[in-house]
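The values are calculated or read from the model by the stated rules, or taken from the named source; none is laboratory data. Quick caveat, the model's predicted, so the values are computed rather than measured. Glycine gets a Cβ as well: all are built from the backbone with ideal geometry, and neighbour counts include every protein chain shown.
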Amino acid sequence: MTMLFSLAILVILYIIIMQLVSRGKCDDYDLRILQFMHDEDGSTKTQIPKMRRLMIDTTALGGDTFLVIMTLLMIGVSELIGDRLFLHSYLITALSARLLGHILKRTAKRKRPTVRSDAPQMFTSSFPSVHSMMAMTILGWLGFLMPQFMGMTPNIILQILCVTLIISIAYSRLYLAVHWPSDVAAGLIAGLIILLTVYAIHLPIYP
């Protein structure tokens, strides 16, 4: 009951954000946040040498290349431990996130931010941030669900690392100015919905 309640709250929260975005109610707040982060010339206020390169590398962890690498790695681990249900739980989580992200982007046609002149060129809808969604689902599964499915004791160091990476990837989308803050928030919420759904459905049937 608690799990269903949490899922319901998250779904409602996502719908609220989506409706606010579609009506332009988030635009002013989103713009203020990005303007706070970036100077008028488009540069980031917190300029650190090689920071942009680091953010580009970090944001790649929420992309398709990392998804493929993680999938191949999980297939190898599954074969090594002889546990197909372990692999099924990962594939359901990762592929659901990728498919849902593609579908959700078609529900809200939103232009990308233009506060940085050197922002990477993106041609898909800005809402929601699929990179943030993929980060939440894949890294959340790795840090919190995988130990449960494998019968392992949760590793606090692994969980801290995964949470840090999730936050870093989400921040990188704002640093590079390829998403509005509400896009990132919606992506994280959608990813968490997938995680909790997989946990609620898959764990009870796991031996």
So, first residue more than 17 Å from Ser168 (Cβ to Cβ) in the range 44-71, second residue surrounded by 11 or more Cβ atoms within 10 Å (Cβ to Cβ) and at pLDDT below 85, Cβ within less than 6 Å, six or more apart or across chains; the pairs are Lys45/Asp39
Given the criteria part of a helix (DSSP H, G or I), more than 21 Å from Ser168 (Cα to Cα) and at pLDDT below 85, does Ser96 qualify?
no
Tell me whether the range 42-49 contains one or more residues that are farther than 17 Å from Ala177 by Cβ, out of contact with any strand residue (DSSP E or B) (no Cβ under 6 Å at 6 or more places or on another chain) and at pLDDT below 85.
yes
Which residue pairs have Cβ atoms under 6 Å apart, sit 6 or more places apart or on different chains, and have a first residue in the range 1-27 that is more than 29 Å from Lys111 (Cα to Cα) and a second that is part of a helix (DSSP H, G or I) and small (Gly, Ala, Ser)?
Met3/Ala200
Taking Leu203 as the residue in question, decide whether it is closer than 23 Å to Val21 by Cβ, modelled with pLDDT under 95 and either not hydroxyl-bearing (Ser, Thr, Tyr) or not in a helix (DSSP H, G or I) (or both).
no
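If you check Pro147 against the conditions, is it at pLDDT below 90 and not small (Gly, Ala, Ser)? Before the answer, list the steps.
Working: at pLDDT below 90: yes; not small (Gly, Ala, Ser): yes.
Considered against the rule, which asks whether it is at pLDDT below 90 and not small (Gly, Ala, Ser), Pro147 comes out as yes.
Residues are listed down the side, and each one gets a yes or a no for (1) part of a loop (DSSP other than H, G, I, E, B); (2) in contact with a His (Cβ under 7 Å, 6 or more places away or on another chain); (3) surrounded by fewer than 13 Cβ atoms within 10 Å (Cβ to Cβ):
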site	(1), (2), (3)
Leu100	no, no, no
Ile103	no, no, yes
Lys111	yes, no, yes
Ala135	no, no, no
